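As structure tokens, the structure follows; a few thoughts come after it.
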Amino acid sequence: MARVLASKMGFTSLRRTQARTFRVRIVTADADLEFGCEVKCKGRDLFDLVCRTLGLRETWFFGLQYTIKDTMAWLKMDKRVLDQDVPKEEPLVLNFLAKFYPENAEEELVQDITQHLFFLQYGDYHPNVHKPGFLAQEELLPKRVINLYQMTAEMWEERITVCYAEHRGRTRDEAEIEYLKIAQDLEMYGVNYFFIRNKKGTDLLLGVDALGLHIYDPDNKLTPKISFPWNEIRNISYSDREFAIKPLDKKADVFKFNSSKLRVNKLILQLCIGNHDLFMRRRKVDSLEVQQMKAQAREEKARKQMERQRLDREKRLREEAERARDELERRLIQLQDEALMANEALLRSEETADLLAEKAQIAEEEAKLLAQKAAEAEQEIQRIKVTAIRSEEEKRLIEQKKLEAEMLALKMAEESERRAKEAEQLKQDLQEARESERRAKHKLLEITSKSAYPVRSLSPGSLPPDLPNLSFSTECLSFDFKDTDMKRLSMEIEKEKVEYMEKSKHLQEQLNELKTEIESLKLKERETHLDILHNENTERGTSKQSNFKKTLQSAKSRVAFFEEL
């Protein structure tokens, strides 16, 4: 946190007059920083201190901003901080912001910290972490955009999550640069707008950006009426509220306009000078410092590429180990189920064998009883034969009884034979049941012998800490980065570049699909004037660059056109 003892001429107490330091708070997009500075500290000293603290070398894009009397201003580098018209507050609060924007973010932003300060977003998708509702506290979309569509927060989250999951594995740097590439093509990207008037007193808007100066209708900030690129401007100056711009074409008149305040003219001049310098700088050979930064960036990219490949290998091995563990656990559960089923079949076989043995014994006893009764019937027949001669009546009765006895004996003999066959069948069933029991026991022994499941060799370092104790062959991995690897590394980087371009193209296609999908849910009555203008530009196929080129007639005709607005 940055705190400042702000002292200035005309606003100093006795204590402040005696103080030799002051406190300043610098507010960045990431955090607040706090410094103690000497009263003689210049803007450049404070700015360099902030940049060193952040590890930032591409300092030319940034500045220290403050607001005074409802007007935005930037801290001057060549003057003492306390001698400037800064707020009379303690501590002095300054915002560390991008003052100038690149034409092509992918080519111009060398350092990761520079890219990160232009856009802040973190993390990779993981289904166990990013569960439904994880975006509820994130302000990823402006309220105006949310209200423009008939979509609930859950519907937005669902669509964002699908896209997020599909780009799993993309690094933060890649995600940020893709975002900046989309942002830099928007019509209002990097444009500072100021209300001005021409000689006729017509209210207009002046836009200052990395390409040049643009004149807009106050109701249309997207499409400039005319533009003046920096390479066509020879000189910029102002006197009081009048601003004068001399084109490089000496035949063209001086381009003049009036602003509302002198303070605004100072700000316009600062932005013009800074953007013009960067515009010309981009079109020259890189300075030694920039060349060194780009070389370091390439080396860092190569190092990150090697590190990312190593992490990908470790991640792949870990996932393979986890899959092997899951397969082992699944196979173990399967074997346990098979063993349980075999035990149940064995128990059923034993119960069936016992039941058949019991039935066989009962059948044998019934057969013996029937045989005994048959013998008794035969004895009765013989006794009847002996006493048959006693009388005719007795003979008839005896014959009748004899016939009945014979029939009974025949019936009992048949029943005895049937019971004997049934007993024999039960004996056969008993043998089959015992054979089934033997096979079930043999099957159980086979299943038990399979429980020692073969495991292929894996690297112990690739396994998660909680994996069960298994036998693995250990093989040490080494990653030596030698000169002979540079050719292979260059090929891999080139392959990575091609894959990156394909991913970028795929991302654009996804965004177009998402836009088409949610277009039917848009509430037309909630569209702002700028929304309507942007949609019209999109339908016509016009872009920021094409609009800029359309306005480039001769400098003389453009100045004349401005005067007649």
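The values are calculated or read from the model by the stated rules, or taken from the named source; none is laboratory data. Just so it is clear, the model here is predicted, and its values are computed rather than measured. No Cβ is skipped: glycine too gets one built from the backbone with ideal geometry, and neighbour counts run over all protein chains shown. The area values use the complete protein model at the heavy-atom level, side chains included, leaving out ligands, DNA and RNA. Shrake-Rupley method; radii C 1.70, N 1.55, O 1.52, S 1.80 Å.
Values computed for the structure shown
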{"read-out": "Residues (modelled with pLDDT under 85 and of a type in the set (Ser, Thr, Tyr)) located in the range 81-114", "value": "Thr114"}
{"read-out": "Single condition Ala252 does not satisfy, out of (1) open to solvent by less than 20 Å² (accessible area, probe 1.4 Å); (2) under 21 Å from Val191 (Cβ atoms)", "value": "(2)"}
{"read-out": "Filtered residue count, the range 499-555, keeping only those that are more than 27 Å from Asp219 (Cβ to Cβ) and of a type in the set (Asp, Glu)", "value": "5"}
{"read-out": "Qualifying residue in the range 272-282 (condition: under 40 Å from the mean Cα position of the chain (by Cα), of a type in the set (Gly, Ala, Ser) and not in a loop (DSSP other than H, G, I, E, B))", "value": "yes"}
{"read-out": "Number of the exception - Asn258 against (1) more than 25 Å from Arg168 (Cα to Cα); (2) at pLDDT 85 or above; (3) part of a helix (DSSP H, G or I)", "value": "(3)"}
{"read-out": "Which numbered condition Asn128 misses (of (1) open to solvent by 40 Å² or more (accessible area, probe 1.4 Å); (2) closer than 24 Å to His506 by Cα; (3) modelled with pLDDT under 75)", "value": "(2)"}
{"read-out": "Checklist (1) aliphatic (A, V, I, L, M); (2) open to solvent by 40 Å² or more (accessible area, probe 1.4 Å); (3) closer than 20 Å to Glu424 by Cα applied to Ala367, failing item", "value": "(2)"}
{"read-out": "Complete set of residues in the range 20-53 that are of a type in the set (Ser, Thr, Tyr) and under 18 Å from Trp74 (Cβ atoms)", "value": "Thr28"}
{"read-out": "Pair list, Cβ under 9 Å, 6 or more apart: the range 544-563 residue more than 15 Å from Asp209 (Cβ to Cβ), other residue among the aliphatic types (A, V, I, L, M) and modelled with pLDDT under 75", "value": "Arg558/Leu552"}
{"read-out": "Hits in the range 316-334 (condition: touching a helix residue (DSSP H, G or I) at 6+ places or on another chain (Cβ under 9 Å) and open to solvent by 90 Å² or more (accessible area, probe 1.4 Å))", "value": "Arg316, Arg318"}
{"read-out": "Residues located in the range 176-199, provided they are among the hydroxyl-bearing types (Ser, Thr, Tyr) and either under 17 Å from Gly212 (Cα atoms) or assigned to a loop (DSSP other than H, G, I, E, B) (or both)", "value": "Tyr189, Tyr193"}
{"read-out": "Counted residues, the range 413-448 - those being open to solvent by less than 60 Å² (accessible area, probe 1.4 Å) and either closer than 15 Å to Leu356 by Cβ or modelled with pLDDT of 75 or more (or both)", "value": "7"}
{"read-out": "The range 76-98: number of residues that are within 39 Å of the chain's Cα centre (by Cα), surrounded by 18 or more Cβ atoms within 10 Å (Cβ to Cβ) and within 20 Å of Ile273 (Cα to Cα)", "value": "1"}
{"read-out": "Total residues in the range 500-543, condition open to solvent by less than 70 Å² (accessible area, probe 1.4 Å) and under 19 Å from the mean Cα position of the chain (by Cα)", "value": "6"}
{"read-out": "Whichever residue in the range 1-54 is polar (S, T, N, Q) and open to solvent by less than 90 Å² (accessible area, probe 1.4 Å) and, among such residues, is modelled with the highest pLDDT", "value": "Thr53"}
